[in-house]
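Reviewing the structure listed below.
The values are calculated or read from the model by the stated rules, or taken from the named source; none is laboratory data. All values reported here derive from a predicted model rather than from experimental measurement. Because the Cβ atoms are built from the backbone with ideal geometry, glycine has one as well, and the counts that use them run over all protein chains shown. What goes into the accessible areas is simple: the full protein's heavy atoms, side chains included, and nothing from ligands, DNA or RNA. Shrake-Rupley method; radii C 1.70, N 1.55, O 1.52, S 1.80 Å.
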Amino acid sequence: MELIFDQVTKQYKNKIAVDRVSLSLKQGVYGLLGANGAGKTTLMRMMCGVLRADSGEIFYNGIKVEEERYRDILGYLPQEFGYYPEFTAMDFLMYLSSLKGIPKKQAKEKARELLELVGLTQVEKKRIKTFSGGMKQRIGIAQALLNNPQVLVLDEPTAGLDPKERVKFRNLISSLGKDRIVLLSTHIVSDIEHIADIILLMKDGNIIHKGSLEEIITVINGKVWECTVSNQEAEILITKYPILNSRQEKEGTFLRLVCEERPTETARNVKAELEDLYLYYFN
């Protein structure tokens, strides 16, 4: 099980959205993290065969993403998930099953199994237009799993969900990575931190870091500091260093920042987190 990106490039007019990306993805959950405009959605749409690369190739176990048979092993939840509001949850899954060529009896069994998996069995006969945002995202996950895909692509799946729904969703996605390749794109750092086996940090069309949380954090290990200083001193530090967090306190201004050496006598070195790395690159 291996999905390979080989020198993949995509350009829109004067902007290079994806710049000669080479990657190898194997079984597990991959978190694609980056700011808006980093190229995440373009990369994922090429991975799904929705967009064609200007150069380079993407293939899974020797099958190019442009080939029809690749569709049989692909599941995709796009950022803007389209649904038919008048359909019930069950009707919607049955309709999409027919489009995927799944026999009716098998489709019914799979739809019931997936509705139970995503926690929608109790509302399978309700119209999708009555669903909350989280419920719609869950039916989105269910439709992406109808053909039991070996490659599952999820673009901003937790956007707009409340904290409780996001935790449920993270647990579900984590379980799905046990026997397939899952690529999850988001700019919500905590989602990636909790469920990704491997983190891909994308900036300006390039994958600038790839590795486990522990591996990619090493870039700023020993360089994250916290201190509380006077407002005047804070103004100076803010102009000199990347600021990860800032807030007013009774004693002055609290700062969390990145710096090679101790920025002020009262600064204390603290453990780096994924959000620190993200803000360091994208602040």
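Values computed for the structure shown
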read-out	value
Residue among 7, 11 that alone is of a type outside the set (Gly, Ala, Ser), modelled with pLDDT of 95 or more and open to solvent by 40 Å² or more (accessible area, probe 1.4 Å)	7
Unmet criterion (only one of (1) under 18 Å from the mean Cα position of the chain (by Cα); (2) surrounded by fewer than 20 Cβ atoms within 10 Å (Cβ to Cβ)) for residue 62	(1)
Top-ranked residue of segment 68-100 - restricted to ones that are open to solvent by 60 Å² or more (accessible area, probe 1.4 Å) and without any contact (Cβ under 8 Å) to a residue 12 or more places away in the chain, ranked as nearest to residue 125 (Cα to Cα)	91
So residue 166, is it modelled with pLDDT under 90 and within 14 Å of the chain's Cα centre (by Cα)	yes
Segment 177-198 - residue that is assigned to a strand (DSSP E or B) and over 9 Å from the mean Cα position of the chain (by Cα) and, of those, surrounded by the most Cβ atoms within 10 Å (Cβ to Cβ)	182
Candidates 273, 265, filtered to the one that is more than 27 Å from residue 23 (Cβ to Cβ) and open to solvent by 30 Å² or more (accessible area, probe 1.4 Å)	265
Single residue of segment 199-219 satisfying the filter (of a type in the set (A, V, I, L, M) and either in a helix (DSSP H, G or I) or surrounded by fewer than 18 Cβ atoms within 10 Å (Cβ to Cβ) (or both)) that is farthest from the chain's Cα centre (by Cα)	219
Cβ-Cβ under 9 Å pairs, at least 6 apart or on other chains, segment 178-190 side touching a residue at least 12 places away in the same chain (Cβ under 8 Å), far side of a type in the set (Phe, Trp, Tyr) and open to solvent by less than 20 Å² (accessible area, probe 1.4 Å)	181/30; 181/60; 182/30; 183/30; 184/30
Test: residue in segment 153-162 that is open to solvent by 30 Å² or more (accessible area, probe 1.4 Å) and out of contact with any strand residue (DSSP E or B) (no Cβ under 8 Å at 6 or more places or on another chain)	yes
Residues being under 12 Å from residue 143 (Cα atoms) and open to solvent by 100 Å² or more (accessible area, probe 1.4 Å) - total across segment 114-127	0
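Rundown of residues vs (1) in a loop (DSSP other than H, G, I, E, B); (2) more than 21 Å from residue 138 (Cα to Cα), yes/no style:
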position: 6; (1), (2): no, yes
position: 19; (1), (2): no, yes
position: 24; (1), (2): no, yes
position: 44; (1), (2): no, no
position: 51; (1), (2): yes, yes
position: 85; (1), (2): yes, no
position: 93; (1), (2): no, no
position: 97; (1), (2): no, no
position: 111; (1), (2): no, no
